[in-house]
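Read-outs: derived from the displayed coordinates by stated rules, not from any lab. Computed from a predicted structure; not experimentally measured. As a convention, Cβ positions derive from the backbone with ideal geometry for all residues, glycine included, and neighbour counts pool all protein chains shown.
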């Protein structure tokens, strides 16, 4: 079992590291650079080349049943769900076969609205303490479930 984190712009890297360390689960922080290498021996910083979706492709090529992936990128989440991995958004929402289609559709709809109206604004809802707390609870549940799956 491995915890993969789509680390660019991830607001819960430290929380994920704490929970994974408690469970002795290896963590892969995947990004295009700009992060300090972690001191924790369970955490590996994976720096991929610059380019569109390179980090996402790296994660999608490796995540499988028994792994947990943290991302808010819906196409990456869909690929990981399809491979059997457990997927969480930064706010603790679990993405599954039952809800990933609706999430992808909403993403596409919002992209269409933004392209049709350059002045359209997204929801822009900020990341809250409640989101962080939900994430911690959800990651704890998912790591336990992934251990049972493995």
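In the Gaussian network model of the chain, springs joining C-alpha atoms below 10 Å, which of 130, 138, 55 carries the largest mean-square fluctuation? The residue with the greatest mean-square fluctuation here is 130. Pairwise Cα distances in the range 20-98 exceed 21 Å for 28 percent of all pairs. If R0 equals 41 Å, the separation of the Cβ atoms of residue 117 and residue 93 corresponds to a calculated FRET efficiency of about 0.95. Applying 1/(1 + (r/R0)^6) with R0 = 30 Å to the Cβ-Cβ distance of residue 148 and residue 61 gives a FRET efficiency near 0.75. Of the beta bridges in the chain, as assigned by DSSP with both residues counted there, near 10 percent are antiparallel.
Strictly greater than 27 Å: what percent of every Cα pair in the chain meets that? Each step should come with its number before you reach the end.
Details: 2265 of 11175 pairs.
More than 27 Å apart: 20 percent of the Cα pairs in the chain.
Helix-only arithmetic for the chain: the sum of -39500 (n - 2.57) across DSSP H runs with n ≥ 4, divided by the residue total, places the mean residue ellipticity at 222 nm at -14500 deg cm²/dmol. Among 66-78, 24-36, the peptide with the highest mean count of other Cβ atoms within 10 Å heads the list, and the full ranking is 66-78, 24-36. Based on Cα contacts under 8 Å between residues 6+ apart, the chain shows a relative contact order of 24 percent.
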